[in-house]
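The values are calculated or read from the model by the stated rules, or taken from the named source; none is laboratory data. Here the structure is a predicted model, which means the values were calculated and not measured. No Cβ is skipped: glycine too gets one built from the backbone with ideal geometry, and neighbour counts run over all protein chains shown. Areas reflect the complete protein model, heavy atoms only, side chains present, ligands, DNA and RNA absent. Shrake-Rupley method; radii C 1.70, N 1.55, O 1.52, S 1.80 Å.
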Amino acid sequence: MKVAVFNGSPRKGGNTEILLGEAVKPIESAGHEVARFNLNEMHIRPCQDCGGCEGTGECVQKDDMAMIRDAIRQSERFILASPIFFFGLSAQTKAMIDRCQAFWCEKYLLKRPIPGGANGRKGLLLLVGGMKKEIGVECGEATAKAFFRTISVQEHETVAFLGIDEKGAIRRHETAFDDARAAAQRLIVPGGGA
Ligand SMILES: Cc1cc2nc3c(=O)[nH]c(=O)nc-3n(C[C@H](O)[C@H](O)[C@H](O)COP(=O)(O)O)c2cc1C
């Protein structure tokens, strides 16, 4: 299966990146094809709400979002990983999601949702927050759910870690790596809603 993986953290070697690295291990070991996108290093302009995608389902902006759009169409499994910033997803993550408005138009206006594929489409949301406040997870989860459903991922699991602030602190969490790897293993089980 093709697996698209999005890292929404700007911090190199940070908690999200470390956690994502662990999650990807069982997926690659099982022989699946992983496409990683470090959103902070890509050129993804925010959605301009220009309406350019409404009649076509294609965004009129030409930037790195084109390769993400291709990966979203071609992949059957998705990992969206983000730090919690101001009780929500990072700006890098949110900019990518907003640009998926073109998929929203394709699905809801043009009635052409992305097809399910042989193995179904499933997602995993990984969140890391420095505070111990659940609201960041709730807000991030709500946005991620809207994203996943828009790209025909009807089923997703959320794995979140709070109270992880300092760079690398996730390494000291007793279960985080096991939790991330176990969730990734569940992700690659065939089947799942389209
Ligand atoms: C701009 C900014 C906003 C933040 N807002 C929150 C927040 O609302 N809730 C929270 O739990 N942590 C917040 N944090 C802390 C980060 O979530 C935390 O440091 C996390 O471990 C960063 O992950 P990373 O190392 O992958 O970048 C914020 C950090 C930054 C830089």
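Miscellaneous remarks
- Candidate set: the stretch 99-136, residues that are aliphatic (A, V, I, L, M), touching a Leu at 6+ places or on another chain (Cβ under 9 Å) and open to solvent by less than 20 Å² (accessible area, probe 1.4 Å); chosen: the one nearest to the ligand (Cβ to nearest atom): Val128
- Residues of the stretch 40-57 that are open to solvent by 90 Å² or more (accessible area, probe 1.4 Å) and touching a helix residue (DSSP H, G or I) at 6+ places or on another chain (Cβ under 7 Å): Glu54 alone.
- Options Glu141, Glu166, Glu134: the member that is modelled with pLDDT of 95 or more, closer than 29 Å to Met1 by Cβ and among the charged types (D, E, K, R): Glu141
- Taken over the stretch 130-154, the criterion of being among the aromatic types (Phe, Trp, Tyr) and touching a helix residue (DSSP H, G or I) at 6+ places or on another chain (Cβ under 7 Å) is satisfied by Phe147 alone.
- One residue stands out among those in the stretch 85-98 that are without any contact (Cβ under 8 Å) to a residue 60 or more places away in the chain and more than 15 Å from the ligand (Cβ to nearest atom): the one that is surrounded by the most Cβ atoms within 10 Å (Cβ to Cβ), which is Ile97.
- Subset tally (residues that are closer than 19 Å to Lys12 by Cβ and either aliphatic (A, V, I, L, M) or touching a residue at least 24 places away in the same chain (Cβ under 8 Å) (or both)) for the stretch 56-79: 1
- One residue stands out in the stretch 116-131 among those that are over 18 Å from the mean Cα position of the chain (by Cα) and at pLDDT below 95: the one that is nearest to Ala183 (Cα to Cα), namely Asn119.
- Count of the stretch 20-39 residues, restricted to those that are open to solvent by 40 Å² or more (accessible area, probe 1.4 Å), without any contact (Cβ under 8 Å) to a residue 60 or more places away in the chain and more than 22 Å from Asp70 (Cα to Cα), is 1.
- Look at (1) closer than 30 Å to Gln61 by Cα; (2) within 16 Å of the ligand (Cβ to nearest atom); (3) out of contact with any Leu (no Cβ under 6 Å at 6 or more places or on another chain) and you find that Gly140 fails only one, number (3).
- Residue pairs whose Cβ atoms lie under 6 Å apart, sitting 6 or more positions apart in sequence or on different chains, and linking a residue in the stretch 132-155 that is over 20 Å from Asn119 (Cα atoms) to a partner that is loosely packed, with under 15 Cβ neighbours inside 10 Å and of a type in the set (Lys, Arg), do not occur here.
- Subset of the stretch 1-19 [open to solvent by less than 60 Å² (accessible area, probe 1.4 Å) and near the ligand (Cβ under 9 Å from one of its atoms)]: Asn7, Gly8, Ser9, Pro10, Gly13, Gly14, Asn15, Thr16, Ile18, Leu19
- Scanning the stretch 1-58 for residues that are under 20 Å from Leu162 (Cα atoms), of a type outside the set (Asp, Glu) and assigned to a helix (DSSP H, G or I) turns up Asn15, Thr16, Ile18, Leu19, Leu20, Gly21, Ala23.
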